[in-house]
Structure formats: C-alpha cells, structure tokens
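Colleague: Quick one: the structure is below, and I'll ask about it shortly.
Quick note: the coordinates plus some simple rules give every number you see, no bench work behind them. Treat the numbers as computed from the prediction; the structure is a model and nothing was measured. Neighbour counts run over all protein chains shown; Cβ positions are idealised from the backbone, glycine included.
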C-alpha cells in the first residue's frame, strides 16, 4: 500500500469514526438500546423538551415554521452541550389567536392541555432515566405555562434527584436582543411572521419554507404583524446563532457542570 493510499484510508477511517461518535441526538432517530447507552454509558443525562407550533405565518411562510426552527435549534444546542438528547419536538402549542377559517391550517392547544401534555412528556423522560429535564418553547404562546410547570415539576422530582428547568432565552431574550439590533440597523421590528422568523426559515430551509414571491408588508388581512420583506438568509443565521448561543449559556448555567 503506497503512502497516498495509506493516507486516504486513514482519513476515511477517521471520518467514519467521527460520524459514528457524533451520532444522532434526537431520540426519535434512535433505538431504545441507543438511548439507554447514551444515558447510562455516555453521560447524556439531560433532555431537551422543545415545543414548536403549527400556525399561519402569513402567505409566505409554512405553517410548521416553529416546529422546524425548534428541531434545528434543539439539535444544535444538544450537540454543543455534549451531555444532552432531544425529545421529539411537539408540533402544537397555544395558538388560538391565529385559528380561523380565513387563514386555515393553525392548530390550537388550550393552555391547560398544553401544560398537561408537557407534564406527561416530562414524566416520561424521568421514567426513561434522565436527571435533568429542560422545557423550552419556540412559540410565544405557552412560555408562561412552561415556566410555571418547570417550577411545579422540579418540586415534585427534586427529592428523587431529578431537576426540571425552563429555558426562556431561546425565545424571549434572543428575540428582544435581535429586535434591538434591527432597530439599531433601521430595519422594521414585527411580532409575527416578520423579519426574525422569516429570515430564520430562509436560512434553515430556503424556498422549501418561504415563498419569496409572496412576501408582503403586514396588514389586518394577511396575518402578518410587521414587514418580512427585508428578510434574508444572512439575517436568519444571526437569529439562529443567537438562539443557540443564548440557550446553550442558560442551560449550562441552570444545569451546572456535567
């Protein structure tokens, strides 16, 4: 075997080993044996329960935007934490303000039902063997419910050595700081289907997630609060990176060292 062949083989082997060691962090892509090994042999004792949502996002953005953004954000955070897995992302949340026949497609859970669903998922994760459970939401509706539930569940499970936390920064703090950046750069700030979400969807999915030929300024008739027309993939990367970095920092602070 000559030197070039040897080096090529070594690089290929290293790449395969790296891919295998990385592996999936999303539980729905793993077998129960892989999840068991991740928890009990590889120290992945933290689980992220990230809530998405299904609601109208104006004529330009797909209904599952919150869910798609939550999946990618949760995966990125879990990989950088190194000791976490991601529970299947929940595609429904309180979205009653968007539920009507004029803008069809939204799915609404009452706050009470939303809380109960998250409570059941968290209980399942505790039974699965996780020691730290982190509740998160990509959608504005449900943030207060998740915060209150985390406090209740932490009181319930702490005597068993299990802790439940609410991570707010992936939604509230990251959003507030990005909106401040928009103002500083003389770009319009909106509250729904505007630059932040539209740009992030452009970054994550391009034409699959955003119909660029249907971008219009918001009005009472189109379901947009703001003006998504200046949205770009570059802005979307800024939003996404902020959410990942903010969430990573907060979770590390909440959970502490591995």
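Colleague: Based on the Cα gyration tensor of the stretch 122-241, what are the three equivalent ellipsoid semi-axes, each the root of five times an eigenvalue, rounded to whole Å and given largest first? Please report the intermediate quantities before stating the final value.
Modeller: Numbers: eigenvalues 246, 41, 35 Å².
Its equivalent ellipsoid spans semi-axes of 35, 14, 13 Å.
Colleague: Can you tell me the FRET efficiency between residue 42 and residue 187 if r is taken as the Cβ-Cβ distance and R0 is 45 Å, rounded to the nearest 0.05?
Modeller: The pair residue 42/residue 187 has a calculated efficiency of 0.55.
Colleague: Still on this structure, I have one more. Can you tell me the order of 215-222, 195-202 when each peptide is scored by its average per-residue count of other Cβ atoms within 10 angstrom, highest first? Please list the in-between numbers first.
Modeller: Details: 215-222: 13.6, 195-202: 26.9.
The most tightly packed comes first, giving 195-202, 215-222.
Colleague: What FRET efficiency would be calculated for the residue pair residue 119, residue 237, taking the C-beta separation as r and a Förster radius of 45 Å, to the nearest 0.05? Walk me through the intermediate numbers first.
Modeller: Details: r = 35 Å, r/R0 = 0.77.
That gives a FRET efficiency of 0.85.
Colleague: Which FRET efficiency value, to the nearest 0.05, is calculated for residue 221 and residue 147 with the Förster distance at 51 angstrom and r the Cβ-Cβ distance?
Modeller: Details: r = 34 Å, r/R0 = 0.66.
It comes out at approximately 0.90.
Colleague: Another one. Relative contact order of the chain: what whole-number percent is it, with Cα pairs under 8 angstrom and at least 6 residues apart?
Modeller: Working: 452 pairs, mean separation 50.6, N = 258.
Once normalised by length, the contact order is 20 percent.
Colleague: Going by how many other Cβ atoms sit within 10 Å of their own, how do 160, 79, 29 line up, fewest first? Before the final figure, lay out each step's value.
Modeller: Numbers: 160 9, 79 16, 29 12.
Listing 160, 79, 29 from fewest to most nearby Cβ atoms yields 160, 29, 79.
Colleague: Rounded to two decimal places and with Rh computed the Kirkwood way over Cα pairs, what is Rg over Rh for the chain? Show your work: numbers first, answer last.
Modeller: Details: Rg = 20.1 Å, Rh = 19.5 Å.
Using Cα coordinates only, the ratio equals 1.03.
Colleague: Over the chain, what is the percentage of antiparallel beta bridges among all DSSP beta bridges, to the nearest 5? Intermediate results must be reported in sequence, preceding the final value.
Modeller: On the way: 3 of 19 bridges.
The answer is about 15 percent antiparallel.
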